[in-house]
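A short write-up of the structure that comes next.
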Amino acid sequence: MSLSFKRIRNQFTACSALGLSAGLVFSQPVFAQDFDLVILNGRVMDPETMLDAVLNVGITDGIIQTITADEITGAETIFAKGHVVSPGFIDFHFHALDGLSLKLAALDGVTTGMDLEIGAINVGDWYSAKADAWPLNYGTGVSQEGARLRVHDPEVDIDGWYDAPLILGGLRAEACADGFCGWQDGRSDLGELNQVLSIIDDELRQGALNIASTVGYMANGLTTYEMFKTQEVGSFYGRYLGAHVRFHGSPVTPEAPLGFDEILANAMALDAPVALLHNNDYGWWENEEKLQAARSQGYNVWSEYYPYTAASTSISSDFFQPEVYATFGVPYEDSMYDPIADKFLTQSEYEATRDSDPSRLVVVFSPSRKIWLPYWLRMPHMIVASDSIYSGKGLDSWDLDPSEYQGHPRTAGTRGTVFRLGREQGVPLMFTIAQMSYWPAKHLGDTGLQDMKVRGRMQEGMVADITIFDPVRVRDNATYKAGQQGNPTTGIPYVIVNGKLVVKDGSFQKVWAGQPIRFPVEDRGRFEPIVVKEWLQNFAIQPFSVHQSGADSLAEAGSANSE
């Protein structure tokens, strides 16, 4: 069920009055083995049912078997007095795809991390590569820019699967090496459009969770018609479009809201789900008002934020070109930070770094976000998604110290930051948990994905993805300063994925507990190539000649429609 704003405001205010004293959490073996794992005397909170009570939880075979006030025992016991037992945190905007960054995400309470913004190329191979080798639940969407790159940059040899680190860290630069970034600036003719849509369709057939769209990076090349037809392909499967929208980051109207208006209008025309990714910039309030209105009419639409005043992306992005950057009103040396060099860049330093290392990730500050951030903490169905950045240290970097992480602190500290700010702003704890777990699970589950219908909830029969945290002491520690960008969140001693402990006593466990979050693979795709003659038959009336009898005209029209 969906929570109305008035209901959650009243009920969350009431439940937030319940206080728990902080206490140490210990784990010890218990010899009676009624359950695989039991969690005793924790404050169990479930945003869907509004359950908020001190209870015991019994887990067997990765499933929550019981939530009860009765005494229970198990093979392993967690004493959770003074701690919240919450549905595990679900992240839809997750580029933390190497060992070190995955470890930091787990320590931040994440149980499911899925890249539904950049996505992947060759989705089936991507899922195969993660099987039995991932600590968190994993999933991906089909990369719209990857599909366009395969058509508009044929000189790039794509063999095997690619995801965010490989797309951002290499494919983009390789595609632009000949002086023309086809994926970004190429405009599809009808043949190319059919090729792009066919690629997207095949990836959805292979179980991709959504269409992951970075249209904001392709604003010059991607036509509005291609965007519409792309969303239409998703609608054939009931899959949603998650978009880094056109004109993202523009500080003026009408450009800022028009990028979202484009995909929302398409979604409503197609009756298709849509998500506005990182709604952190100018015009966010207008976007949220439209989303609430659309949800009131039954549309499955939502947005996301991350709780920081700075963004991060590749230094070669068009956003940073001097003529574009000038519109933001903040000079390079006051806003563009290089986390590797540990310094703010002047325009000349930016240009030199861009030319020598086009895949370098930089951090860009936006002063207005300091004003807006407290409101995002209180927006219904505005989910928390980190836009976490990979470490660049390689997949087998599990054992590296967090101080070696270089990048945006949101990878290590998103959930800790939201909890800290929520306490400071008086946000009901149940509301914060809904932003982190229930609403992400509900919206993706409402697209028909069974894996999400059994997550994001603390209820009997649900998958045991659980985060246990101290509501008083949980907080972020990562900063923008070099050496501190990966400081882990504290106050989250236990993270359980499919019934297995991935964080135990505050320490990451190298346990491959993650399961694939994926739609079933289908035998055949659903997209039919666009043919002009068929399009005219579908959308236009047939020509009529005054020299023909009515019977002849109707016969010819019928014959034409049968071709």
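The values are calculated or read from the model by the stated rules, or taken from the named source; none is laboratory data. These figures come from a predicted structure and were not determined experimentally. Note that we place each Cβ from the backbone using ideal geometry, even for glycine, and neighbour counts take in every protein chain shown.
Would you confirm, using the coordinates I've provided, whether ILE167 is assigned to a strand (DSSP E or B), surrounded by 20 or more Cβ atoms within 10 Å (Cβ to Cβ) and out of contact with any His (no Cβ under 6 Å at 6 or more places or on another chain)?
no
Given the conditions (1) in contact with a helix residue (DSSP H, G or I) (Cβ under 7 Å, 6 or more places away or on another chain); (2) at negative phi, which single one is not true for GLY283?
(2)
Inside region 35-90, counting only strands (runs of 3 or more DSSP E) that do not spill past its ends, which hold 2 or more residues that are crowded, with 24+ Cβ neighbours inside 10 Å, modelled with pLDDT of 95 or more and touching a helix residue (DSSP H, G or I) at 6+ places or on another chain (Cβ under 7 Å)?
The strands (runs of 3 or more DSSP E) meeting that bar are 84-87.
When residues of region 112-126 are filtered for being among the polar types (S, T, N, Q) and either over 13 Å from the mean Cα position of the chain (by Cα) or over 26 Å from ARG473 (Cα atoms) (or both), how many remain?
1
Can you pull out the residues in region 365-394 that are of a type in the set (A, V, I, L, M) and within 20 Å of the chain's Cα centre (by Cα)?
Within region 365-394, LEU373, LEU377, MET379, MET382, ILE383, VAL384, ALA385, ILE389 qualify.
Output yes when any residue across region 449-456 is of a type in the set (Val, Ile, Thr), closer than 16 Å to ASP46 by Cα and assigned to a helix (DSSP H, G or I), and no when none is. Before the answer, list the steps.
Of all residues in region 449-456, those of a type in the set (Val, Ile, Thr) come to 454.
Next, only the ones that are closer than 16 Å to ASP46 by Cα stay: 454.
Okay, now just the ones that are also assigned to a helix (DSSP H, G or I), so none.
No.
Identify, please: which residue in region 170-199 is over 18 Å from SER317 (Cα atoms) and without any contact (Cβ under 8 Å) to a residue 24 or more places away in the chain and is, among those, surrounded by the most Cβ atoms within 10 Å (Cβ to Cβ)? Quick ask: steps written out before the conclusion?
First, pick out the residues of region 170-199 that are over 18 Å from SER317 (Cα atoms): 187-199.
Remaining after also requiring without any contact (Cβ under 8 Å) to a residue 24 or more places away in the chain: 189, 191.
Values: ASP189: 9, GLY191: 11.
Ranking the candidates gives GLY191 first.
Looking at the structure I just gave you, is ILE541 free of Cβ contacts under 8 Å to residues at least 12 places away in the same chain, of a type outside the set (D, E, K, R) and more than 25 Å from GLN195 (Cβ to Cβ)?
Here the answer is yes, as ILE541 does meet what is asked.
Being of a type in the set (A, V, I, L, M, F, W, C), over 24 Å from ASN280 (Cα atoms) and touching a Leu at 6+ places or on another chain (Cβ under 7 Å), is that true of even one residue in region 371-386?
No: zero hits.
If only one of ILE315, ILE340 is in contact with a Gly (Cβ under 9 Å, 6 or more places away or on another chain), within 30 Å of ASP185 (Cβ to Cβ) and either modelled with pLDDT of 95 or more or not basic (Lys, Arg) (or both), which one is it? Can you show your working first?
Details: ILE315 fails: in contact with a Gly (Cβ under 9 Å, 6 or more places away or on another chain).
Of the residues listed, the single one that is in contact with a Gly (Cβ under 9 Å, 6 or more places away or on another chain), within 30 Å of ASP185 (Cβ to Cβ) and either modelled with pLDDT of 95 or more or not basic (Lys, Arg) (or both) is ILE340.
Quick one: how many residues across region 268-285 are crowded, with 23+ Cβ neighbours inside 10 Å and modelled with pLDDT of 95 or more?
So the answer is 8.
Would you confirm whether any residue within region 124-146 is touching a residue at least 40 places away in the same chain (Cβ under 8 Å), aliphatic (A, V, I, L, M), farther than 22 Å from VAL384 by Cα and in contact with an Asp or Glu (Cβ under 7 Å, 6 or more places away or on another chain)?
Checking region 124-146: not a single residue is touching a residue at least 40 places away in the same chain (Cβ under 8 Å), aliphatic (A, V, I, L, M), farther than 22 Å from VAL384 by Cα and in contact with an Asp or Glu (Cβ under 7 Å, 6 or more places away or on another chain).
Taking the condition of being in contact (Cβ under 8 Å) with a residue 60 or more places away in the chain and under 13 Å from MET382 (Cα atoms), how many residues in region 281-300 meet it?
Matching residues across region 281-300 total 7.
Considering only residues of region 450-474 that are surrounded by fewer than 23 Cβ atoms within 10 Å (Cβ to Cβ) and of a type in the set (Val, Ile, Thr), which is farthest from GLY514 (Cα to Cα)?
VAL472
Could you run through region 205-233 and say how many residues are within 17 Å of the chain's Cα centre (by Cα) and not hydroxyl-bearing (Ser, Thr, Tyr)?
8
Filter region 477-518 down to the residues that are under 23 Å from GLY461 (Cα atoms) and among the small types (Gly, Ala, Ser) and list them by number.
Of everything in region 477-518, those that are under 23 Å from GLY461 (Cα atoms) and among the small types (Gly, Ala, Ser) turn out to be GLY499, ALA513, GLY514.
Which of (1) within 21 Å of PHE236 (Cβ to Cβ); (2) assigned to a loop (DSSP other than H, G, I, E, B); (3) within 15 Å of the chain's Cα centre (by Cα) does ALA275 not meet, given it meets every other one?
Of the numbered conditions (1) within 21 Å of PHE236 (Cβ to Cβ); (2) assigned to a loop (DSSP other than H, G, I, E, B); (3) within 15 Å of the chain's Cα centre (by Cα), the odd one out for ALA275 is (2).
Give just the number: which of (1) under 21 Å from the mean Cα position of the chain (by Cα); (2) crowded, with 18+ Cβ neighbours inside 10 Å does ARG420 not satisfy?
(1)
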